[in-house]
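These notes concern the structure reproduced below.
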Amino acid sequence: MHLLSGFALITAGLITIALTYYKPSPYRNKSSVRFVKNLIGDTGAAIFYYAIAICLLIVGTVVIFSK
């Protein structure tokens with residue numbers, strides 16, 4: 001069960017990185033993304049989402065390798 005949870009977190013992190021990097025319009029026009037962009041700017045929002053993705057990757061890796 002921990003293995004599946006870890007892979008789900010890692011997958012979510014990778015998807016977040018891809019969506020932030022490629023900036024597809026359906027993702028960038030969501031109200032939550034627009035709120036963050038209006039609050040801290042486009043570059044700040046990208047940094048914010050990259051930080052979330054890195055946290056997801058780290059937690060997913062820890063979950064996989066913990067007993």
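Summary table below
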item: Unmet criterion (only one of (1) surrounded by 15 or more Cβ atoms within 10 Å (Cβ to Cβ); (2) of a type in the set (Val, Ile, Thr); (3) modelled with pLDDT of 95 or more) for VAL33; result: (3)
item: Flag for ALA53 being closer than 15 Å to THR11 by Cβ, of a type in the set (Gly, Ala, Ser) and open to solvent by less than 70 Å² (accessible area, probe 1.4 Å); result: yes
item: Filter pass, LEU14 being touching a residue at least 12 places away in the same chain (Cβ under 8 Å) and either surrounded by 13 or more Cβ atoms within 10 Å (Cβ to Cβ) or not small (Gly, Ala, Ser) (or both); result: yes
item: Conditions (1) free of Cβ contacts under 8 Å to residues at least 60 places away in the same chain; (2) closer than 24 Å to VAL59 by Cβ: number failed by LEU3; result: (1)
item: Region 13-46, residues that are more than 30 Å from HIS2 (Cβ to Cβ) and of a type in the set (A, V, I, L, M); result: VAL33, VAL36, LEU39, ILE40, ALA45, ALA46
item: Count of region 56-67 residues which are open to solvent by 90 Å² or more (accessible area, probe 1.4 Å) and at pLDDT below 95; result: 2
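The values are calculated or read from the model by the stated rules, or taken from the named source; none is laboratory data. Quantities reported herein were computed from a predicted structural model and do not represent experimental measurements. Quick reminder, even Gly has a Cβ in these numbers, built from the backbone with ideal geometry, and neighbours come from all protein chains shown. Quick note on the areas: whole protein, heavy atoms, side chains included, nothing else; ligands and nucleic acids left out. Shrake-Rupley method; radii C 1.70, N 1.55, O 1.52, S 1.80 Å.
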